[in-house]
There are 2 protein chains.
Amino acid sequence: MSERVNGRGKRAAAPAIEPTRLRAAAEIILGIDPSLRGTGYGVIRIGKSTPTALAHGTIGCPAAWPTTRCLAHIARSLRDLLKQYHPQACAVEGLFFAQNLRTAIVMGEARGAALAAIAETGIEIFEIAPRKVKQAIVGYGAAQKLAVAKMVQRMLQLSEPLPPDAADALALALAHAQSQSRYRLTGTKPI
Amino acid sequence: MSERVNGRGKRAAAPAIEPTRLRAAAEIILGIDPSLRGTGYGVIRIGKSTPTALAHGTIGCPAAWPTTRCLAHIARSLRDLLKQYHPQACAVEGLFFAQNLRTAIVMGEARGAALAAIAETGIEIFEIAPRKVKQAIVGYGAAQKLAVAKMVQRMLQLSEPLPPDAADALALALAHAQSQSRYRLTGTKPI
């Protein structure tokens, strides 16, 4: 059984960004792709011309670690990132894929640990549907992951190919940056 | 579609408590029943004769709050409880019920926020299957929730009936206390 799941249910159909959120664009944005064993993260700074990557990587948790140790490690690592880069907004996937109830719960646990740590610092968190991320980066919603990763690498003028988790996280941050522009207000919603 | 889900999958079939955990029983135990809008908690102290309830209640999050605010509130409230009561162990449900993938993810998020906050303080967290909790409290695994709540109230000599969330959390703490005894080593496993 495979099913696309909407983390927020019906609310995902709501208008993109609330009027009160239409203020100056965040200059530093954190994108995260939570997962128990490998949470991708990417921090970008929005410049007047091209955006730049300040940091990206994966918060890895070895298979031997018990779940609760992973959750604590995810929360602590993200808190360290926030302290170091002071992002003004965070972007996370809104629609995601779970094969069954057990994986959905494990994914939810990783996501909950990550979002709680970030929300506690008062940063606004936005969710973006994967299709919208692909649209924003590559131009169409059914783009393959590798095509997105390559375009992210080009947009951020990075010399090395990106690991998949980090590429997804940077793509989220870039897509959110784009949605904050006055002329592209669809795709991200505060959660 | 309804399905019983095991948060830890195959590992639930493993032997109950690892040999290294067989040390002196925790004196203060926190039980939690995580949920986005109403996380039940209960803190008990194990005495030589009867256990006593130090605190119990629900961490409530109004429906108007966005998800991330709830997750932050759950993490912060539990951290406050830990600071106040210094439990040596935490017990949480191991097998639980999710109606569909969306509810599984939301439940997972609440659980992740709670477990990360607790695990960060270094407290050991154990999971217990609901059937084992009922067995420990009422004597048989198919007992109704109300019967469990009434027995918890009697065991802790509380004058007032317990709200369901708090009763579940206290039942988890009591069941874990019982499983720590040398003679009843089944039912809880570190996660």
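The values are calculated or read from the model by the stated rules, or taken from the named source; none is laboratory data. As the structure is a computational prediction, the values presented were derived from the model and not from experiment. Backbone-built Cβ (ideal geometry, glycine too); neighbour counts: all protein chains shown. Ligands, DNA and RNA are excluded from the accessible area calculation, which covers all protein heavy atoms including side chains. Shrake-Rupley method; radii C 1.70, N 1.55, O 1.52, S 1.80 Å.
Tell me, which residue of region A:128-137 that is in a helix (DSSP H, G or I) and open to solvent by less than 30 Å² (accessible area, probe 1.4 Å) is nearest to B:Gln99 (Cα to Cα)?
A:Pro130
Listed residues A:Leu71, A:Leu54, A:Leu82; which is more than 14 Å from every other protein chain (Cβ to nearest Cβ) and closer than 16 Å to A:Gly40 by Cα?
Result: A:Leu54 is the single residue among A:Leu71, A:Leu54, A:Leu82 that is more than 14 Å from every other protein chain (Cβ to nearest Cβ) and closer than 16 Å to A:Gly40 by Cα.
Any residue in region A:96-117 that's in contact (Cβ under 8 Å) with a residue 60 or more places away in the chain: show its pairings with residues that are of a type in the set (D, E, K, R) and in a helix (DSSP H, G or I) at Cβ separation under 7 Å, as long as the two are six or more apart or on different chains.
A:Glu109/B:Arg111; A:Arg111/B:Glu109; A:Leu115/B:Glu109
Just need a number here: residues in region B:50-105 that are of a type in the set (A, V, I, L, M) and at pLDDT below 95.
Count: 5.
Report, ordered by the first and then the second residue, all pairs with beta carbons closer than 6 Å, sequence separation of six or more or different chains, a first member in region B:153-174 that is at pLDDT below 95, and a second member that is β-branched (Val, Ile, Thr).
Qualifying pairs under 6 Å: B:Asp165/B:Thr58.
Output the residues belonging to region A:90-105 that are surrounded by 24 or more Cβ atoms within 10 Å (Cβ to Cβ) and facing chain B (nearest Cβ under 8 Å).
A:Leu101, A:Ala104, A:Ile105 - these are the residues of region A:90-105 that are surrounded by 24 or more Cβ atoms within 10 Å (Cβ to Cβ) and facing chain B (nearest Cβ under 8 Å).
For region A:112-127, which positions are open to solvent by 10 Å² or more (accessible area, probe 1.4 Å) and at the interface with chain B (Cβ under 7 Å from one of its Cβ atoms)?
The answer is A:Ala119, A:Glu120.
Show me the strands (runs of 3 or more DSSP E) entirely contained within region A:35-125 in which 1 or more residues are of a type in the set (Ser, Thr, Tyr).
Working: elements: A:38-45, A:52-60, A:89-93, A:95-98.
Ranges flagged: A:38-45, A:52-60.
Of the residues B:Ala136, B:Ala142, which single one is more than 14 Å from every other protein chain (Cβ to nearest Cβ), free of Cβ contacts under 8 Å to residues at least 12 places away in the same chain and not hydroxyl-bearing (Ser, Thr, Tyr)?
Result: B:Ala142 is the single residue among B:Ala136, B:Ala142 that is more than 14 Å from every other protein chain (Cβ to nearest Cβ), free of Cβ contacts under 8 Å to residues at least 12 places away in the same chain and not hydroxyl-bearing (Ser, Thr, Tyr).
With the checklist (1) touching a residue at least 60 places away in the same chain (Cβ under 8 Å); (2) of a type outside the set (S, T, N, Q); (3) farther than 14 Å from A:Gly40 by Cβ in hand, flag the one item A:Glu120 doesn't pass.
(1)
Where the second residue is at pLDDT 95 or above and the first is of a type in the set (Phe, Trp, Tyr) and lies in region A:55-69, which pairs have Cβ atoms under 8 Å and are six or more apart or on separate chains?
Taking only residues 6 or more apart or on different chains, the pairs are A:Trp65/A:His73.
Could you please find all residues in region B:99-126 being acidic (Asp, Glu) and touching a helix residue (DSSP H, G or I) at 6+ places or on another chain (Cβ under 7 Å)?
B:Glu109, B:Glu120
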